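J.: Could you have a look at this structure, given as structure tokens, before my questions?
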Amino acid sequence: MKKNITVIAISIVLSAGLTFAGDMARSITLPDIKVELKAGAGKDKVETLCNICHSTDYITTQPPLSKAQWTANVNKMIKVFGAPIKEEDPGKIIDYLTVQYGSGK
Amino acid sequence: MKEDFSRREFIKTAGVITAMAALGDMPSSLFGSELPMATYPEKTGLLVLTSRPPQLETPMHLFTELITPNNALFVRWHLANIPLSVDLNEWRLKVGGNTGKELSLSMADLKKFEKISYTAVLQCAGNGRSFFEPRVPGGQWKNGAMGNITWTGARLRDILNTAGLKPGSVDVMFNGLDSGSLPSVPDFKKSLPVDKTLEEDIMVAYEMNGEPLTMLNGFPARIIVPGWYGTYWVKALSDITVLGKPFEEFWMKPAYRIPDNPCGCIPSGTTQGRTVPINRMTTRSLIITPSPDTTIQKNKPVEIMGVAFSGGYGIRDVIVSTDGGKTWSEARLGQDKGKYSWIQFSHSWRPLKTGKYTLMAKATNSIGDSQPFEKLWNPSGYLLNNVEKTEINVI
């Protein structure tokens with residue numbers, strides 16, 4: 001599937017982030033959006049491990065979830081999607097998420 | 001032309017509430033309720049739910065037109081590696097599996113099939129999820145994960161018949177150019193039962209509103225399943241694979257499923273038992289103007305306007321109330337663009353007293369399905385279609 005995606009060398013910039021090379025090729029550049037997580041114990045781990053597969057606005061836009069819901073979420077990331085989180089880390093991550101982005105309980 | 005959007009720029013665009021939230025002065029319940037706005041390639045300013053992969057929501061005030069402009073249509077990808085460049089010299093749509101022959105179609109080949117075109121609502125399965133009570137995890141869409149677009153392309157059935165379905169075909173699976181950042185992330189593949197794929201109106205679209213698809217909406221081609229939720233409308237399509245057994249990978253099971261009962265709902269906060277893949281859209285109507293919390297003048301005429309659609313059955317009527325549901329009048333319906341399109345409704349009104357008013361609209365589709373007054377609930381936040389209330393002030 002990768003072979004369908006080519007980097008276009010010669011191109012004309014038409015509008016923000018969109019380029020055409022002839023009629024046949026198109027490419028876009030996404031804006032670089034930075035997400036700032038709230039300060040707190042465990043932030044570093046979340047910033048590193050929860051950023052591998054998606055941006056952390058996946059976390060910041062969630063409603064205030066309970067500890068049980070954040071636990072289920074982190075377990076899903078590990079078991080279903082293969083998040084490389086070591087045995088000892090989930091607890092700290094779940095505590096951070098529950099305190100900073102959860103209902104606190 | 002790379003644009004840098006820092007948190008600070010969001011604050012400028014999204015206004016005071018976000019600014020205060022970012023500074024930590026806001027109660028946590030409000031934090032995150034105001035989304036930043038950003039301009040993505042080929043798009044006007046949209047609300048950013050997530051940035052990588054992009055999930056961008058259309059602000060409600062952009063739904064005043066019958067046809068949603070391409071640059072306003074919402075964006076929803078699942079996996080971080082979305083196609084950022086596509087060269088049609090190399091892109092091919094591969095069709096195979098349980099078929100008589102394998103096809104490898106270029107865009108020129110695709111355009112040789114009979115061209116079909118119709119207007120259809122594209123709506124995310126989770127549109128309105130942020131209004132669920134109790135709240136549920138997942139993309140926190142308001143009502144802007146929808147749009148009404150005229151799609152043009154080839155009939156899926158014609159493509160499948162050219163490849164030739166072999167006996168024993170059960171499901172047809174669709175894959176696109178996107179992929180996860182780690183190999184352990186299930187690839188975003190969706191399937192439809194073979195009978196569904198042979199329906200006349202299922203399309204492989206290469207145009208939206210007469211233009212090539214925007215990159216973020218699935219250039220160069222995507223599946224259109226009119227009347228069904230957007231989860232099946234696989235973008236940046238690369239493979240169509242006919243299977244001799246049911247397709248049950250992650251994005252079909254356990255993802256994107258609803259309780260197996262007529263309402264697709266269960267008592268709030270409970271656990272679902274048997275499920276089925278989400279499919280047809282529920283009937284909805286949304287008041288677009290006046291928008292919530294608008295202030296209008298006593299004795300001045302106002303046009304209450306909105307859009308209504310269903311899961312492919314058209315709209316029979318829309319009724320409107322200006323007194324919180326005590327009395328109702330039938331709204332006028334706009335141009336009919338067919339059973340998959342939304343229809344605009346309008347109701348002329350002149351408020352005679354000052355005070356707060358609750359506007360409501362309720363649509364019924366051509367087979368008699370309508371909207372519940374109470375919000376129904378399921379744990380994934382799908383199918384939301386209650387009669388909504390728009391509170392406004394008259395002075």
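The values are calculated or read from the model by the stated rules, or taken from the named source; none is laboratory data. None of the values given here were measured: they were computed from a predicted structure. Note that each Cβ is placed from the backbone with ideal geometry, even for glycine, and that neighbours are counted across all protein chains shown. What goes into the accessible areas is simple: the full protein's heavy atoms, side chains included, and nothing from ligands, DNA or RNA. Shrake-Rupley method; radii C 1.70, N 1.55, O 1.52, S 1.80 Å.
J.: How about the protein assembly as shown: what cysteines have no other cysteine beta carbon under 4.7 Å from their own?
T.: So far as the 4.7 Å Cβ criterion goes, A:Cys50, A:Cys53, B:Cys124 stand without a partner in the protein assembly as shown.
J.: Of B:Leu160, B:Tyr229, B:Gly218, which is farthest on the positive side of the dipole of chain B, counting Cα position, with +1 on Lys and Arg Cβ, -1 on Asp and Glu Cβ, and the Cα centre as origin?
T.: The Cα lying farthest towards the positive end belongs to B:Tyr229.
J.: What is the interface area between chains A and B, defined as buried accessible area summed over both chains with a 1.4 Å probe, reported in Å² to the nearest 100? Don't skip to the answer; put the middle values down first.
T.: Working: alone 7900 and 18010 Å², together 21400 Å².
Interface between A and B: roughly 4500 Å².
J.: Mind grabbing the accessible area of B:Leu384 for me, 1.4 Å probe, Å², rounded to tens?
T.: 10
J.: Accessible area per residue of chain B at 1.4 Å probe, in Å²?
T.: The answer is 40 Å² per residue.
J.: Considering only protein heavy atoms, with the full assembly of protein chains and a 1.4 angstrom probe, order B:Asp336, A:Asp57, B:Asp369 by accessible area, largest first.
T.: B:Asp336, B:Asp369, A:Asp57
J.: Sticking with this structure for a sec: Would you work out what percent of the accessible area of region B:93-277, with all protein chains in place, is carbon or sulfur (probe 1.4 Å)?
T.: On region B:93-277, the fraction of accessible area on carbon and sulfur atoms equals 53 percent.
J.: Please work out whether region A:43-101 counts as rounded, prolate or oblate from its C-alpha gyration tensor, where a ≥ b ≥ c are the square roots of the eigenvalues and a/c under 1.5 means rounded, while otherwise a/b larger than b/c means prolate and anything else oblate?
T.: It comes out rounded by the Cα gyration axes.
J.: Using Cα positions and a limit of under 21 Å, work out the lysines in reach of B:Lys356, with same-chain residues fewer than 8 apart set aside.
T.: Cross-link targets: B:Lys298, B:Lys300, B:Lys326, B:Lys389.
J.: What 222 nm value per residue comes from the helices of chain B, counting each DSSP H run with n ≥ 4 as -39,500 (n - 2.57) and dividing by all residues, nearest 500 deg cm²/dmol?
T.: When only DSSP H runs of four or more count, the value is -2000 deg cm²/dmol.
J.: Which is farthest toward the positive dipole end of the protein assembly as shown among B:Val320, B:Leu243, B:Cys124, measuring Cα position about the Cα centre, with Cβ charges +1 (Lys, Arg) and -1 (Asp, Glu)?
T.: B:Val320
J.: Right, next: Of the accessible area of region B:284-394, with the probe set at 1.4 angstrom, what percent is carbon plus sulfur? Walk me through the numbers before you get to the answer.
T.: Details: 2450 of 5140 Å².
It is 48 percent, rounded to a whole number.
J.: While we're here: Lysine pairs, Cα distance under 12 Å, 8 or more residues apart or cross-chain: how many in region B:93-277?
T.: Details: B:Lys101/B:Lys166; B:Lys189/B:Lys235; B:Lys189/B:Lys253; B:Lys190/B:Lys235; B:Lys190/B:Lys253.
Lysine pairs meeting the criterion: 5.
J.: Which residue, chosen from B:Gly180, B:Ser310, B:Gln55, occupies the Cα position most advanced towards the positive end of the dipole of the protein assembly as shown, where the dipole is computed from +1 (Lys, Arg) and -1 (Asp, Glu) charges on Cβ about the Cα centre?
T.: B:Ser310
J.: Label the protein assembly as shown by shape, choosing from rounded, prolate and oblate, from the square roots a ≥ b ≥ c of the eigenvalues of the Cα gyration tensor; if a/c is under 1.5 it is rounded, and otherwise prolate applies when a/b is larger than b/c, oblate when it is not.
T.: rounded
J.: Output the residues of region A:34-60 meeting this criterion: accessible area (heavy atoms, 1.4 Å probe) in the chain alone minus accessible area with all protein chains in place is 50 Å² or greater.
T.: Correct list: A:Lys34, A:Cys53, A:Tyr58.
J.: What shape does region B:93-277 have by the C-alpha gyration tensor, where a ≥ b ≥ c are the square roots of the eigenvalues, rounded means a/c under 1.5, and otherwise prolate means a/b greater than b/c and oblate the rest?
T.: Verdict is prolate for region B:93-277.
J.: May I pose another question? Summing +1 for each Lys or Arg and -1 for each Asp or Glu, what net charge is found among the other residues whose Cβ lies under 11 Å from the Cβ of A:Leu65?
T.: That sum, taken over residues with Cβ under 11 Å, equals +3.
J.: Turning to a different aspect of this structure: Could you pull out every one of the aspartates and glutamates with an alpha carbon less than 17 Å from that of B:Lys43, ignoring same-chain neighbours closer than 8 positions?
T.: Output for B:Lys43: A:Asp32, B:Glu3, B:Asp4, B:Glu57, B:Glu65, B:Glu207, B:Glu211.
J.: Same structure again: Within region B:354-370, what residues put their amide N at less than 17 Å from the label point 7 Å along the Cα-to-Cβ vector of B:Asn299?
T.: Correct set: B:354-355.
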